[in-house]
Structure formats: C-alpha cells, structure tokens
Amino acid sequence: MLSVAVLISGTGSNLRALLEAAADPDYPARIVVVGADRDAEGLAHAEQFGIPSFTVPYAQFDSREAWGAELDAQLKVWRPDLVVLSGLMRLLPASLVTEWSPRIINTHPAYLPEFPGAHGVRDALAAGVAQTGASVILVDNGVDTGPILAQERIPVLPDDDEHALHERIKPVERRLLIDVVRRVATGELDLGAAAAAGHATSAS
Ligand code: GAR
C-alpha cells in the first residue's frame, strides 16, 4: 500500500477526489497526512475523512528555506512514499525538492510546458488558445518544468471565463491524478525511471 502526503493551499477539491478514491479498499494508496502553507479551506476535507493534517504557515518564517525545512520535518514524521502537491501555490526550496525527488508530483491546470506558473488558466485565456489542458508532472527545481507523467487536452469554449474553464479542467486533473497515484502504487509507473528519462530529454 502506497502512503501519500498531500500538500494544499486552497479549497482542496482535487484533494477531496483523491481522499474519496483512497477510501475504496481496492485503491492501492492511502493518504496518511494533509499539509498546508496557510489556514487552507481544504484542510476540512482531511478532517471529514479522519486524516491528520498540519499547517506550516509560510508567513511565519524568515525565508523560503526555513519554511521548507519545517515542511520537510513535518512530512518526515509521516514517512510518506509519495508527496502530492495538489494546489500548493508556493515554490518549494531546492533542498526540499532534492530530498523528496523523485517521490514528489504536482498537478497543473494547463497542458505543460504551455502556461506554467500560478495562473495557468488565466494565461491560457489571455493567449486566446483554442485548447488548453491538465497535467500531472514530477516536481523538479523549475516552475512546472518536471517530466510529464500524464496530460490531457481540454477545449476552451467561447464563453469561458477563468472560473468556468478552471472548473472544467479540475475534473480532468482529478482523473489524471488518481490514475497516476494508482499507477505509482502498483509499480506500473516508475518515478525514478520517469525522472531519469526526463533529465535525458532535457539534456539532449
Ligand atoms: C488545481 O487546479 C491545481 O492544478 C492548481 O490549483 C488548483 C487547486 O484546486 N495548481 C496550480 O495552479 C499550481 N501551479 P483545488 O484546491 O480545488 O484542488
């Protein structure tokens, strides 16, 4: 059974979908803890599912490194096999990424490498593209630059605003995330191999 820690900043609707999936005895992963960088609304989902949670408030630390060191310490208490960033809207310090790589993945509401960063949906709309997407990637030290583990295209509709488009993207993200975690748990997806292949690609 794969043990998973999930980190969030916001409403945690994708976290909730993963909690629901993991509540199925046939699903091969369990969420052992949920962490947040602020008093995130989504922590309520963990409570409802009886999953422990912690908060490491970014604002209370002098530097990203100090915040990351405390986040690392909190994660280590739970010894998760995998860390999932599910709407954590904060760049992790390189030391933390190095510590957990390749066992750390991220969901993103765009078809990476298109529209990385904190405003993937808004940026796609502003660019006027006909389609955007959803991605699940390995975390590396860039901003949404890690090897892609799963992704899917989603059309942009004429009447879309940021909220409407994001709400159509999220169900796809959830499906991709639940499937990636399942494949990691069954050994179908080898994150070490994905990291090595990604580095080979970016070096070529
Ligand atoms: C998700 O769409 C996730 O991909 C995005 O935040 C949303 C969180 O939604 N993350 C990023 O944009 C990271 N760059 P949720 O809190 O309802 O799950």
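Just so it is clear, none of the values below were taken in a lab; they were calculated from the coordinates. Small disclaimer: the values here were computed from a predicted structure and weren't measured. Using ideal geometry, Cβ is built from the backbone for each residue, glycine included, and neighbour counts are taken over all protein chains shown.
Assorted remarks:
- Meets criteria (of a type in the set (Ser, Thr, Tyr) and within 15 Å of the ligand (Cβ to nearest atom)) for Ser3: no
- Any hit, the stretch 176-189, residues being out of contact with any Lys or Arg (no Cβ under 7 Å at 6 or more places or on another chain) and in a loop (DSSP other than H, G, I, E, B): yes
- Checking Glu152, Glu167 one by one, the residue that is within 11 Å of the ligand (Cβ to nearest atom) and acidic (Asp, Glu) is Glu167 and no other.
- Condition met for Arg122 (surrounded by fewer than 22 Cβ atoms within 10 Å (Cβ to Cβ) and outside any loop (DSSP other than H, G, I, E, B)): yes
- Any hit, the stretch 85-102, residues being surrounded by fewer than 16 Cβ atoms within 10 Å (Cβ to Cβ), away from the ligand (no atom under 16 Å from the Cβ) and under 19 Å from Ala118 (Cα atoms): yes
Yes or no, residue by residue, for (1) within 11 Å of the ligand (Cβ to nearest atom); (2) touching a Phe, Trp or Tyr at 6+ places or on another chain (Cβ under 8 Å); (3) within 28 Å of Thr186 (Cβ to Cβ); (4) in a loop (DSSP other than H, G, I, E, B):
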| site | (1), (2), (3), (4) |
| --- | --- |
| Glu20 | no, no, yes, no |
| Asp24 | no, no, yes, yes |
| Tyr27 | no, no, yes, yes |
| Glu41 | yes, no, no, yes |
| Ala66 | no, no, no, no |
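- Members of the stretch 176-200 that are within 16 Å of the ligand (Cβ to nearest atom) and either β-branched (Val, Ile, Thr) or over 15 Å from Ile105 (Cβ atoms) (or both): Ile178, Val180, Val181
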